[in-house]
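Working notes, structure below.
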Amino acid sequence: MTTIDDRRATDLPHQLLIGGEWRDGSAGTFTDRNPATGEALVEVAAASAQDVDAAVRAARAQLEGDWAAMPGTERGRILNRTADLIERDADLLCRLEALDVGKPVGQPALLDIPNAAATFRHFAGWADKITGSSIPTAGYFGRPTHSYTVREPVGVIGAITPWNTPLMIGGWKIAPALATGNTMVVKPAEDAPLSTMHLAALLEEAGLPPGVLNVVPGLGPDAGAALTAHPDVDKISFTGSPEVGRAIQIAAAETFKRVTLELGGKSPQIILADADVEAAVQGTAMGLFFNQGEVCAAGTRVLVHRSLYDQVVDGLAGAAKAQVLGDPFDGATTMGALINAKHRDRVLGYIEAGRADGASVVAGGGQPDLPGYFVEPTVFAGVDNDMTIAREEIFGPVGSVIPFDDPDEAIRIANASRYGLAATIWTRDVSHAHVLAGKVRAGAVWVNGWAAINPALPWGGMKTSGIGRELGWSGILANTEEKAVTVIL
Ligand code: NAD
């Protein structure tokens, strides 16, 4: 088994995978860096529009090849084997995510890797259960009819993924698409493509026929845009920023592609007066600082009942100060580096905007003296929901604590956002939690915990947070076309 003990990634796949062949890209290479040091890890092959076209042709050929003929039970077996292989290579994959994303090595062991394996197992179970229905119809010019529906693959699916949890989100797109018999061209994020390429190698090892899944690493405006514009791609499944999501939807309209967009968030965490404050502070801090705050569902607007405000501000400031920043491979590290220098500077710019708008920094607010792209975990108090730091997605370890006086006001503030991905409610009153859950405009609501995600549950956002859902039965619907058949008897 390959290892990365020497913290170099050159022995792992870093080329294009097209039609079962690993090969160089015709757009040269791009440099993949270690965010914790700023040093180059590996030169990754870059796909051009021509390479993307070759990948799409390989994927399309398999829609009429061995793959199309393969029964769902066998597709399920391949997905289950892939889950086994993810578990076999869990240590390697954790290290790869730490190296490429800059996150502490223990975190992918808790989330990314088990979630990816669970996602492949979940969809392995669906693969032979994609059914239609029989629908009574009133006949056709006096003759009886027999009508039924079937669900068919959408076709060639282009998946464009982000860098924050690349293996996990790659799995969210790949497992349901393959379970339902589609073929794929995957464009991983240029900042952290390595785990996706290793996942592709595991799918090959699990017996996926060549050409069913192709990988085209490359730059967004080149490889990503070429995939989006390609006339033979039937659907784009995208996770990333609203700006790129909008461009993808506009481009996809030209060729009537189906589009699923999973975009960002500015998720509220509402702490009601009757909450278990200790648990709420701990969970809220996790929602701010886990994965360096580079989480689409990060709970960055902490809405606190005024009676608990000072206590929660102090608790979160303490949690921020307790974070240990440093080498992602050091077991003591609890928070890693941001993905690149540009993103670090963007996050620091938001911290300055918070100060300029009159919010007070109660923890962090700067850059530690470390190599790489670190930003201190930062908590702002005295925040108004109209400030830039409360309106815009920062995608870094920066939280805003906002007071409210009654639950209706909390819901009004929670919903006063262009985003609607997730929300958390902290309360001891379960009935009240259900009532409030019904009032929050978000694709996922968690009560007394942050980010209780599961592959059986639909995932996606309202408003600017996205269009469509992936995972669970919704993932099956999103990856199939429904056909109605009527036989005139
Ligand atoms: P990004 O939009 O810059 O990039 C995402 C992907 O799009 C990358 O693979 C990139 O190469 C590609 N891309 C860039 N320009 C493109 C173009 N013109 N055409 C086609 N593809 C293009 O986002 P990012 O910086 O990778 O990720 C951060 C964003 O992603 C945040 O806004 C975050 O909230 C969001 N995100 C959302 C979820 C979710 O599930 N909702 C999960 C993770 C991240």
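The values are calculated or read from the model by the stated rules, or taken from the named source; none is laboratory data. Keep in mind it's a predicted model, so treat the numbers as computed, not measured. Don't worry about glycine lacking a Cβ; one is built from the backbone with ideal geometry, like all the others, and counts go over all protein chains shown. Keep in mind that these areas ignore ligands, DNA and RNA; they rest on the heavy atoms of the full protein, side chains included. Shrake-Rupley method; radii C 1.70, N 1.55, O 1.52, S 1.80 Å.
State all residues of region 285-304 that are out of contact with any Lys or Arg (no Cβ under 8 Å at 6 or more places or on another chain) and within 16 Å of residue 382 (Cβ to Cβ); if no residue qualifies, say none.
Residues satisfying the conditions are 302, 303, 304.
Is there any pair with a first residue in region 301-312 that is without any contact (Cβ under 8 Å) to a residue 60 or more places away in the chain and a second that is hydrophobic (A, V, I, L, M, F, W, C) and surrounded by 15 or more Cβ atoms within 10 Å (Cβ to Cβ) whose Cβ atoms are under 7 Å apart and which are 6 or more apart or on different chains, and what are they?
Within 7 Å, the pairs are 307/273; 308/271; 308/273; 308/277; 311/277.
I'd like to know if region 128-139 contains one or more residues that are farther than 30 Å from residue 489 by Cα and open to solvent by less than 80 Å² (accessible area, probe 1.4 Å). Before you say what the answer is, go through the steps one by one.
Taking region 128-139 as the starting set, the residues that turn out to be farther than 30 Å from residue 489 by Cα are none.
Within region 128-139 (the criterion being farther than 30 Å from residue 489 by Cα and open to solvent by less than 80 Å² (accessible area, probe 1.4 Å)), the answer is no, since none of the residues qualifies.
So residue 184 passes all but one of these: (1) away from the ligand (no atom under 12 Å from the Cβ); (2) under 18 Å from residue 157 (Cβ atoms); (3) open to solvent by 10 Å² or more (accessible area, probe 1.4 Å); (4) of a type in the set (A, V, I, L, M, F, W, C). Which condition number does it fail?
Evaluating residue 184 over (1) away from the ligand (no atom under 12 Å from the Cβ); (2) under 18 Å from residue 157 (Cβ atoms); (3) open to solvent by 10 Å² or more (accessible area, probe 1.4 Å); (4) of a type in the set (A, V, I, L, M, F, W, C) leaves (3) as the failure.
Among what's in region 264-289 and is within 14 Å of the ligand (Cβ to nearest atom) and of a type outside the set (S, T, N, Q), pick the residue that is surrounded by the most Cβ atoms within 10 Å (Cβ to Cβ).
Among them, the one singled out is 265.
Any residue in region 196-209 that is free of Cβ contacts under 8 Å to residues at least 60 places away in the same chain and either within 16 Å of the ligand (Cβ to nearest atom) or within 19 Å of residue 157 (Cα to Cα) (or both)?
Taking every residue of region 196-209 in turn, at least one turns out to be free of Cβ contacts under 8 Å to residues at least 60 places away in the same chain and either within 16 Å of the ligand (Cβ to nearest atom) or within 19 Å of residue 157 (Cα to Cα) (or both).
Mind checking whether some residue in region 229-241 is open to solvent by 10 Å² or more (accessible area, probe 1.4 Å), within 10 Å of the ligand (Cβ to nearest atom) and over 30 Å from residue 397 (Cβ atoms)?
Yes, because at least one residue in region 229-241 is open to solvent by 10 Å² or more (accessible area, probe 1.4 Å), within 10 Å of the ligand (Cβ to nearest atom) and over 30 Å from residue 397 (Cβ atoms).
Would you pick out the residues in region 396-422 that are in contact with a helix residue (DSSP H, G or I) (Cβ under 7 Å, 6 or more places away or on another chain) and under 26 Å from residue 102 (Cα atoms)?
If the condition is that a residue be in contact with a helix residue (DSSP H, G or I) (Cβ under 7 Å, 6 or more places away or on another chain) and under 26 Å from residue 102 (Cα atoms), then 396, 397, 398, 399, 400 are the ones that fit.
Can you name every residue in region 349-360 that is within 18 Å of residue 321 (Cα to Cα) and crowded, with 19+ Cβ neighbours inside 10 Å? Write out each step before concluding.
Let us first name the residues in region 349-360 that are within 18 Å of residue 321 (Cα to Cα), namely 351, 360.
Result: 351, single match.
For region 452-489, name all the residues that are touching a Gly at 6+ places or on another chain (Cβ under 7 Å), within 15 Å of the ligand (Cβ to nearest atom) and of a type in the set (Gly, Ala, Ser).
460, 461, 465, 466, 468, 478
Sort out which residues of region 97-114 are under 14 Å from residue 164 (Cβ atoms) and either of a type in the set (A, V, I, L, M, F, W, C) or open to solvent by 40 Å² or more (accessible area, probe 1.4 Å) (or both), and write them in order of number.
98, 101, 111
Filter region 243-294 down to residues that are of a type in the set (D, E, K, R) and outside any helix (DSSP H, G or I) and give me whichever is farthest from residue 306 (Cα to Cα).
Ranking the candidates gives 254 first.
Taking only region 383-441 into account, find how many residues are aromatic (Phe, Trp, Tyr) and within 16 Å of the ligand (Cβ to nearest atom). Lay out the reasoning, then the answer.
Here is the first cut: in region 383-441, the ones aromatic (Phe, Trp, Tyr) are 395, 404, 419, 426.
From what's left, within 16 Å of the ligand (Cβ to nearest atom): 395, 419.
Adding up the residues that qualify gives 2.
What are the residues in region 145-165 that are more than 9 Å from the ligand (Cβ to nearest atom), more than 22 Å from residue 255 (Cβ to Cβ) and of a type outside the set (A, V, I, L, M, F, W, C), if any?
Selection gives 145, 146, 147, 148, 149, 151.
Here's the yes/no breakdown for (1) of a type in the set (Asp, Glu); (2) modelled with pLDDT of 95 or more; (3) away from the ligand (no atom under 16 Å from the Cβ); (4) open to solvent by 50 Å² or more (accessible area, probe 1.4 Å):
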position: 221; (1), (2), (3), (4): no, yes, no, yes
position: 248; (1), (2), (3), (4): no, yes, no, no
position: 252; (1), (2), (3), (4): no, yes, no, no
position: 262; (1), (2), (3), (4): yes, yes, no, no
position: 291; (1), (2), (3), (4): no, yes, no, no
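If we only count strands (runs of 3 or more DSSP E) wholly inside region 295-395, which ones have 2 or more residues that are closer than 21 Å to residue 412 by Cα?
Output list reads 301-305, 378-381.
Taking interchain pairs and intrachain pairs at least six residues apart, which have beta carbon atoms under 6 angstrom, with the first residue in region 98-116 and touching a residue at least 40 places away in the same chain (Cβ under 8 Å) and the second acidic (Asp, Glu)?
Here the result reads 108/97; 112/97, each pair linking region 98-116 to a residue that is acidic (Asp, Glu).
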